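Worksheet: the structure to be examined is printed underneath.
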Amino acid sequence: MLILVCALTFMIFFLLPGADPAQLRCGRDCSPHEIAYIRAALGLSKPIYQQFWDYLKGIVLHFDFGYSYYSQQSVLSLIKDPGLKALVAAFVKRMAVAASKSTP
């Protein structure tokens, strides 16, 4: 199931019109040479199956979800910090509810 979700997510971003990651990263005033350089650096010149394989390897083997060009941080750091706080808060709340129910 996880591979299916990864494949679906990958294909959505691959098929979106106007969503060339190299163009988005470079901006409007980029030369074709700069775009080609970014495409090569990001591995976008590889065949689609090789890009997908690299994507899966990054997630499964290295827990690497990529890089956010919007916030200039790794996606894992964006997920980890608020996610961990939410998990701890949910655990504390669950323990408080369980303790209040067990008190006569």
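For the reader, a short list of remarks on this structure follows.
- On full extension, the segment bounded by residue 4 and residue 40 gains 10.3 nm, given 0.36 nm per residue less the C-alpha separation.
- Rg(Cα) / (2.2 N^0.38 Å) computed for the chain, rounded to two decimals: 1.56
- Peptides 62-68, 93-99 ranked from most to least packed give 62-68, 93-99, packing being the mean of other C-beta atoms within 10 angstrom over each peptide's residues.
- Pairs of Lys in the chain closer than 23 Å at Cα, counting only those 8 or more apart or on different chains: 5
- For residue 77 and residue 31, a Förster radius of 30 Å and the Cβ-Cβ distance give a FRET efficiency of 0.40, rounded to the nearest 0.05.
Where a number appears in this text, it was derived from the coordinates with a stated rule and is not lab data. Predicted model, so just to flag it, every value in this text is computed and none were measured. Heads up, the Cβs are rebuilt from the backbone with ideal geometry, glycines too, and the neighbour counts pull from every protein chain shown.
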